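*Asks:* Here it is, the structure, as C-alpha cells.
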C-alpha cells in the first residue's frame, strides 16, 4: 500500500515519558530537529503517580505530573516540536521509515525512537481506580516508602509480586499477599524467600473483592474462592503486582520482541533489529522500570540515533 507522506523529519520520537523527553532533549541539542508525539497519556505512567521521591535532584520530592511538565518544558525549550497525537501504524519496509499518526497522516523519518512505555495491568475494580494515588499503587519500589511502619496488601503471584512483597516486608510491619491459586507462579527461590519471611502472610485461593476507604485506602476485603468466605483486613496501602503490558502492539511483525511483547535491543545499546529504529524506556525494560533508568535509556537512544544519522549522512 502506497502511503501519502504528509511530512518528513530527521528524528521522530514516539512517546512522552522520561525516556521520550530525555531523548528529545539530547536530540534537540544535537541539532537533530526532533518531532515528538506524546501518545495517549502525555507524560506516561508518572502522571498517575503522586509523590516521586527517588528521582535525583529533587531533595523534597516532586509530584509525578509536575515532574513530567518540567521534562516537557525542557524538551520544548531545547527546540523539540512536541505534538499531541498517537502513532497508530508503522511501515519499516523501506527508507525513509514511515509512521502513521492518529490513523490519518503519515510521517517519513530518517530515524525513529520508540519510547511508548508500558502500562500496569489492573484488577478492574472501581475502587482501585478511585483510590489510585491514595494508597493504591502499581509500584512498590516507588511508593512503599510512604507506608513505612504500616500494614499493606499486595496482589500477585509472579516473580515481581514476590520481589515487591519482600521489598515491602523490610519497610512495613506486615504484608498481606493475595494469591489467586494454591501456589505461586514465582520461581522456587522467590517463593521460598516469601514463605520464610515472618511478616508476610499469604492468602491462597483468594481474590480481591473490594478496596475500602473513602479518601484513602483503609482496608481490603478478600474472598476465598473455595468457600466464598469474605475477610476484611485493615491496611494502609494496596499494591497491584499482576504485571505490565508493554505498549508495543503497532510494532509487532517489524521489531523483534520477547514473548511478552517487550522490544529487544542489542545489549548495551538502544538499537533494534531495524536499522535507524531505537527503543528506550519501559517498552524495552521489564527489569528496572524506574523513571531514572528510562531517562538514561532515552539519552542512549538519542546518542545512538545521532551517530546513525551522522554515519548515513543525514543532516
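Laboratory data are not the source of any read-out in this text; all were calculated from the coordinates shown. Computed from a prediction, not measured in an experiment: that's the story for all the values here. Here the Cβ positions follow ideal geometry from the backbone for every residue, glycine too, while neighbour counts run over all protein chains shown.
*Asks:* Could you please rank 137, 236, placing first whichever residue has the fewest other Cβ atoms within 10 Å of its Cβ?
*Replies:* Taking fewest neighbouring Cβ atoms as first place, the list is 236, 137.
*Asks:* If you take every DSSP beta bridge whose two residues both sit in the chain, what share of them, in percent to the nearest 5, is antiparallel?
*Replies:* In the chain, DSSP labels about 45 percent of beta bridges as antiparallel.
*Asks:* Most mobile of 169, 115, 94 per a Gaussian network model of the chain (Cα springs, under 10 Å)?
*Replies:* Sorting by GNM fluctuation, first place goes to 94.
*Asks:* Here's another thing I want to ask about it. Once you order the gyration tensor axes a ≥ b ≥ c over the Cα atoms, which shape class does segment 122-240 get: rounded for a/c under 1.5, otherwise prolate or oblate by comparing a/b with b/c?
*Replies:* Cα axes put segment 122-240 in the oblate bin.
*Asks:* Turning to a different aspect of this structure: Among DSSP beta bridges whose residues both lie in segment 60-180, state the antiparallel percentage, nearest 5.
*Replies:* 60
*Asks:* Is any residue of segment 58-97 close enough, with backbone N under 12 Å, to a label point placed 7 angstrom from the Cα of residue 33 along the Cα-Cβ axis, and if so, which?
*Replies:* 81, by backbone N distance to the label point.
*Asks:* Take the alpha carbon gyration tensor of the chain, find the square roots of its eigenvalues, order them as a ≥ b ≥ c, and report rounded if a/c is under 1.5; if not, report prolate when a/b exceeds b/c, else oblate.
*Replies:* prolate
*Asks:* Follow-up question, since we're still on this one. Given only helices, namely DSSP H runs of n ≥ 4 each adding -39500 (n - 2.57), what is the per-residue ellipticity at 222 nm of the chain, to the nearest 500 deg cm²/dmol?
*Replies:* Helices in the chain give a 222 nm mean residue ellipticity of -7500 deg cm²/dmol.
*Asks:* Percent relative contact order of the chain, based on C-alpha pairs within less than 8 angstrom and at least six residues apart?
*Replies:* After rounding, I find 21 percent.
*Asks:* Sequence gap at least 6, Cα distance under 8 Å: using those rules, report the relative contact order of segment 122-240 to the nearest whole percent.
*Replies:* 30
*Asks:* Provide the gained length on full extension for the span residue 198 to residue 54, in nm with one decimal, where the gain is 0.36 nm per separating residue minus the Cα-Cα distance.
*Replies:* Stretched fully, the residue 198-residue 54 segment lengthens by 49.1 nm.
*Asks:* Next question. Under the classification rounded if a/c is under 1.5, otherwise prolate if a/b is larger than b/c and oblate if not, where does segment 95-151 fall, given a ≥ b ≥ c as square roots of the Cα gyration tensor eigenvalues?
*Replies:* Prolate, because a/c is 1.5 or more and a/b exceeds b/c.
*Asks:* If one computes the Cα centroid of segment 172-189 and of segment 225-280, what distance in Å separates the two points?
*Replies:* Rounded to whole Å, the Cα centres lie 20 Å apart.
*Asks:* Something else now. Using Stokes-Einstein with the Kirkwood hydrodynamic radius over Cα pairs, what translational diffusion coefficient do you get for segment 1-89 at 37 °C and a viscosity of 0.692 mPa s, in µm²/s rounded to a whole number?
*Replies:* 238
*Asks:* Only counting other Cβ atoms within 10 Å, I'd like 25, 200 sorted with the fewest neighbours first.
*Replies:* Starting with the residue having the fewest Cβ neighbours, the order is 200, 25.
*Asks:* Would you mind ranking 203, 58 so that the residue whose beta carbon has the fewest other beta carbons within 10 Å leads the list?
*Replies:* 58, 203
*Asks:* Whole angstrom only: what separates the Cα centroid of segment 35-85 from the Cα centroid of segment 88-135?
*Replies:* The two parts, judged by their Cα centres, are 16 Å apart.
*Asks:* Looking only at Cα atoms, what is the convex hull volume of segment 180-281 per residue, in Å³?
*Replies:* It comes to 190 Å³ per residue, whole-number rounded.
*Asks:* Still on this structure, please answer the following. If R0 is 45 Å, what FRET efficiency do you get for residue 274 and residue 224 from their C-beta distance, rounded to 0.05?
*Replies:* 0.35
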